[in-house]
Structures are given as structure tokens and as C-alpha cells.
1. What residues from the stretch 285-321 fall in the zone where the backbone N is under 20 Å from a label point 7 Å along the Cα-to-C-beta line of Ile551?
2. Quick check: from the Cα gyration tensor, does the stretch 227-454 come out rounded (a/c under 1.5), prolate or oblate?
3. Could you tell me how many cubic angstrom of Cα convex hull volume the stretch 459-538 has per residue?
4. With unit charges on the beta carbon (Lys/Arg positive, Asp/Glu negative), name the residue among Ile263, Ala218, Ala206 whose Cα is farthest towards the positive pole of the charge dipole of the stretch 199-316.
5. Beyond 24 Å, what share of the Cα-Cα pairs of the stretch 2-216 remains, rounded to the nearest whole percent?
6. For the stretch 198-320, state the average projected area of the convex hull of the C-alpha atoms over all orientations, rounded to one decimal in nm².
7. Ordered by packing density, taken as the mean number of other Cβ atoms within 10 Å over each peptide's residues, highest first, how do 351-360, 67-76, 253-262 rank?
8. Between Trp513, Pro285, Leu171, whose Cα lies farthest towards the positive end of the dipole of the chain when Lys and Arg beta carbons carry +1 and Asp and Glu beta carbons carry -1, centred on the Cα centre?
Amino acid sequence: MENALILVEPAEMSAAGRLEKVLAVFGIASRRLTVPEFLAAATVADEKLKFRLLGTAAVFLKLTAALEENSAAGANWRQAVHSAFIFSGDDPTSFEKLAKQLTRDDQTRLVTVSQGAEWRVSDQLPEFCQVMSGLRVTAVNQADRALVFDAAKSNAAKIIVTEKTAALLWLEFESVPVFLSTAGIIDVDAPLAARVFDIRPHFLAAVPVVLYAKWAFAESCWKAPEVNACLVIDDPLLQPTYGYVNYAKFLSLMQRHSFSTNIAFIPWNWARSRPEVVRLFQKHPENFSLSVHGCDHTAGEFGRREKSWLARRSTQALERMERHAAKTGIVHDRVMVLPQGVFTDDAPGVFKQSGFSAIVNSEVFTTDPQPRPITIASFWDVAVMDYDCFPIYTRREPTEGVENFAFDILLGKPCIVLIHHDFCWDGCDRLVKAINQINALPGKINWRSLGEVVRRGFRQKVLADGGIALEMYGTELRLENHSPQPQRFMVSKRETEPALIQEILADKNPVAWKNSDGRVIFQVELGPGQSQIINIKFHAMDNPQPAADGIYYRFKTGLRRHLCEMRDNYVTKIKFAIRPPTAS
């Protein structure tokens with residue numbers, strides 16, 4: 001019953017298209033109507049229908065004029081409309097005129113906000129602002145504009161503000177909540193301009209409309225049922241101290257500050273783990289976990305285009321990790337964390353057929369001569385699914401700011417934090433500060449193993465019949481029924497090559513499935529309190545067994561590994577002692 005209507009005029013079709021694409025990211029269907037068409041629809045609307053209206057200030061000026069001229073239309077507006085989201089578009093004059101009308105202040109005006117000003121998100125509207133509540137973000141966009149008005153003349157609640165201006169307001173028009181945003185709408189079909197999406201230059205174009213979509217369509221939009229997080233440290237061996245990482249001290253930090261750590265472990269080191277560190281992992285699986293960090297961790301290891309090479313290395317990586325598990329008793333997560341973030345277009349499909357459940361990476365672009373463009377919408381998804389429908393769960397460094405982690409959580413993405421050992425050069429002060437900022441965000445943060453973050457990295461929504469539609473991303477999924485009643489889950493996963501699927505299992509029992517429109521679809525029913533692990537198994541590639549490496553390759557690989565360890569354990573520490581890095 002949460003209907004999205006985009007009010008349009010012929011000159012504003014591009015703005016309508018951008019709105020549609022943002023809503024589509026969250027699974028919200030919408031339709032376009034002109035003002036006369038909307039007034040006609042509101043006249044015959046079912047009492048249970050509640051329209052959510054979105055559009056530019058220019059079109060809403062025409063709507064308010066029509067409502068003022070027709071008292072019956074005004075009554076229909078109050079009955080049929082849940083709320084409205086109005087944005088500036090490309091017509092600041094119309095926006096100022098509408099803002100004066102809604103704020104009841106003839107002196108209301110749009111002003112340019114200087115770079116360096118601080119955007120503050122209200123902490124007084126937690127239901128609307130959600131995880132963004134109370135955040136402070138430095139303005140970096142030269143085109144940002146905001147309203148100056150006399151708050152005493154208005155009933156406006158200020159949602160996003162600077163010291164003297166407001167960029168997002170909650171007002172009422174004819175007893176209906178109206179949200180007024182001073183920015184345009186981000187184009188989520190635009191290609192990602194950098195290695196990750198940074199919310200800071202897009203703050204006003206993205207945050208207001210996403211906050212509104214998540215609030216106004218709370219029952220019908222895709223959402224993550226919980227927020228899961230993990231810190232990932234690349235490279236360390238399981239030795240008491242590696243670089244600036246001391247495992248015993250790190251355990252104490254995790255227990256005091258409530259977080260978990262995954263070590264992206266290089267399989268080449270499978271026989272080198274020390275017993276005292278192994279015992280820490282065995283005794284504290286809620287704090288420590290292992291993932292797979294390449295195979296030999298050579299330069300551009302998975303940046304080659306030969307599928308046979310990629311298959312041999314991925315199979316060898318898992319074989320080495322199995323040897324490590326047999327030797328130490330530590331069960332690893334079948335998650336690939338790519339060395340240097342490097343991969344080719346072919347690599348994700350190879351990982352899928354080799355038995356990995358997902359990729360966790362800092363990069364979403366391949367090293368191919370002409371890498372495929374990745375859109376903002378793809379990055380906003382729970383995981384990037386552009387490569388053979390195999391998920392890349394993105395991760396961020398603490399220096400990207402808590403606002404980026406908060407926005408990821410708002411989108412429904414897991415919170416995965418990346419560091420290397422040298423980030424802890426200051427005794428982990430910066431790391432603890434970043435972790436505490438994440439833990440201070442509104443809502444519960446569940447710190448888990450990286451594999452568990454991936455298994456729970458999905459989105460869902462309630463269907464009209466009470467069932468749950470669920471979109472799966474990795475090859476493993478943890479399903480849980482927390483309700484006191486039996487629950488039916490309609491699970492789908494994007495898969496363009498269903499012939500590669502060997503079987504789908506629910507707690508090792510085969511599940512019937514079908515393929516439709518590029519998706520694998522199946523149904524699972526769980527009793528009250530029941531939990532199951534869903535596993536999609538793919539046929540292995542032909543001849544994936546590792547070929548024997550030559551003496552020169554083995555020597556070069558071993559030399560590289562030991563030189564890297566010398567750098568991390570000695571050279572970096574000497575360099576930082578002479579000239580400490582800036583605390584950015």
C-alpha cells in the first residue's frame with residue numbers, strides 16, 4: 001500500500017528518471033503522473049492507499065496552486081497522501097518560491113554553503129535519520145546550497161543543517177508531512193568515478209532522498225535485517241607479534257571495545273603458525289577468524305587472464321588452507337581477500353567454481369585493459385554483482401570517515417573495515433577511535449567472523465501474504481526464523497549461468513530450485529526459532545589442479561614473502577621511529 005508517485009512535467013523527465021533509479025535500488029516501484037493525473041487518481045483512491053509523492057519544487061508549486069483553488073482536491077490530498085519529498089532540481093527560483101510558502105517566511109532564500117562548513121544530521125528524529133542521526137560531515141561540494149529562514153515563523157523540523165542554514169526540512173502542508181531538500185538527486189546510473197563511493201561530495205544529493213525512501217517505504221523496501229561488521233587485517237602470519245600487531249594485546253582490545261578481527265591469511269604460510277597464537281584463535285572464535293588472502297601473494301597474482309592459471313591458484317589456495325586447518329584446528333572462512341585488490345574480469349567466476357563463497361575487496365574495478373564500468377547503483381547494492389554474479393563485498397579504511405561506514409549501513413551493506421599492521425603504529429589509538437565511532441552509531445552493530453558477515457549479507461522484505469522475499473548474494477546464506485510462527489522464505493539469487501549449479505543444499509538436504517529471468521529461485525520453510533545454512537554448490541572447472549611450480553618461481557615467491565615480513569617487522573618500524581606518519 002506504499003505507492004511511489006513521481007510528479008512530472010515534460011521539462012523534468014531527467015529528474016524523474018534519477019528518482020526512479022534511486023527508488024529501484026531499494027526495490028521500490030514507482031510511476032510518473034502529471035499534476036492533473038495525480039488529482040484524478042487521488043479522487044478515486046482506495047482509503048487504504050497512501051501515496052508517497054516525489055518531485056521538483058516547480059511541479060509542486062503547480063500542485064499547491066491546484067489544491068488552493070479546489071477545496072475537494074485539498075481533502076483528497078489529506079486523505080490519500082502519506083508524505084511528499086520535494087527537491088530543488090534545476091530551478092532555484094521555483095524552489096525559493098515554494099520554500100517561502102512552506103516556511104511562511106517571505107525572506108527565505110537559498111544561499112551557497114562554503115566548503116569546510118559542517119553538515120549536522122539531527123539526532124532528534126531517530127526514526128527518520130536512523131544510523132545517520134547525529135553525524136557531522138564536512139561540506140566539500142562547491143555547489144551545495146541551503147536555506148536561510150526565520151524558524152520562529154515556521155513549524156519546520158531541521159534535519160540537515162549547518163550553523164546558520166538548513167538543507168533538509170520536515171514541514172507540513174495541509175496536515176501532510178513534506179520534506180524539502182535543497183539539492184538535486186544523484187544519478188545512480190552514473191559510473192563510479194573512483195575506486196569506492198565516497199558520500200562526502202554527494203552528501204546532499206544522496207542522503208536526503210535515501211533517508212526519505214527508507215522511512216516512507218519502510219514496509220516495502222529492501223532492508224538488511226541486522227547490521228554486521230568485521231575488521232580485516234591483511235597479511236599477518238599467526239605469530240605472537242607481526243609488525244605492529246600483537247595478538248594477545250589485540251584480543252584485549254577487542255574484548256574491551258567490542259569488535260571482531262579477521263586475518264586475511266596468505267596460504268603460502270600454512271605451515272608457519274605458532275601454537276600460542278593458534279590457541280588464541282581456538283579459544284576465541286567470536287573475536288578471531290581467518291580468510292584466504294590470495295595464494296602465494298605475488299604481484300598481480302589474480303590479475304592474469306588465463307582461466308587455467310586462476311583455477312590452479314584458487315584451488316591451491318584452498319588446499320593449503322585445508323592443510324592449515326588440519327594442522328591447527330582453525331576453520332577458515334572460504335572468502336577471498338585479493339592481494340593488492342587486483343583481479344581480472346575472469347577471476348570472480350573462477351572463484352565461484354573453485355568453492356569460494358564471496359570476495360571481500362577494496363577494489364571493484366578489474367585490471368583488464370578496458371575494465372567494465374561499475375555504476376553507483378551497483379556499489380550501493382549489498383555486494384557488487386557485476387562479475388559472473390559472484391559477490392564483491394566492499395570494505396573501507398578508517399580514514400574514509402565514519403560517515404561512509406554509516407551510509408553503507410543505511411544502504412544495507414555490511415560494515416567491513418580494512419587495515420594493515422602499520423595502521424596500529426600508534427598503539428592502536430586511531431583504530432580504537434574508529435571502532436568506537438562505528439559502535440556509537442545508532443542501532444546495534446553485530447561484530448562477527450568475516451564468513452558469518454558474508455552469510456548474513458543479504459536483504460529482504462515482507463510480502464503481502466506474510467512470506468519473506470530474500471535476495472541472496474554469496475554462495476552461503478544463514479537463514480533464521482526469529483518469529484513464534486513458521487516462516488516461508490522466497491529466496492532468489494542473480495545467476496546468469498544456472499547450468500553451472502551442481503546443487504542447492506539446506507543443512508545438507510537438497511532443495512528444489514528453478515531459474516527465471518537471470519535468477520535462481522527456491523523456497524525454504526523454517527519453524528519457530530529454526531536456523532539453516534543454505535549452500536549453492538557449483539561444478540568445478542576442468543583440470544583445476546595446480547601444476548608443479550618451477551624452482552625459480554618457488555625461490556622468487558619464498559624470497560618475496562620473507563622480504564615482505566622483514567619490511568613489516570623491521571624496516572617499517574625503523575622508518576616510523578625516525579619519522580612517524582601523520583595521524584590522518
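Taken together, the values in this text are just the output of simple stated rules run on the coordinates, not laboratory data. This is a predicted model, so every value here is computed, not measured. Here the Cβ is made from the backbone with ideal geometry for all residues, glycine too, and neighbour counts use every protein chain on show.
1. none
2. Oblate, because a/c is 1.5 or more while a/b does not exceed b/c.
3. In the stretch 459-538, the Cα convex hull volume per residue is 88 Å³.
4. Ile263
5. Working: 9109 of 23005 pairs.
The calculated P(r) of the stretch 2-216 puts 40 percent of pairs beyond 24 Å.
6. Taking the Cα atoms of the stretch 198-320, their convex hull projects to 12.2 nm² on average.
7. 351-360, 253-262, 67-76
8. Ranked along the dipole, the leading option is Pro285.
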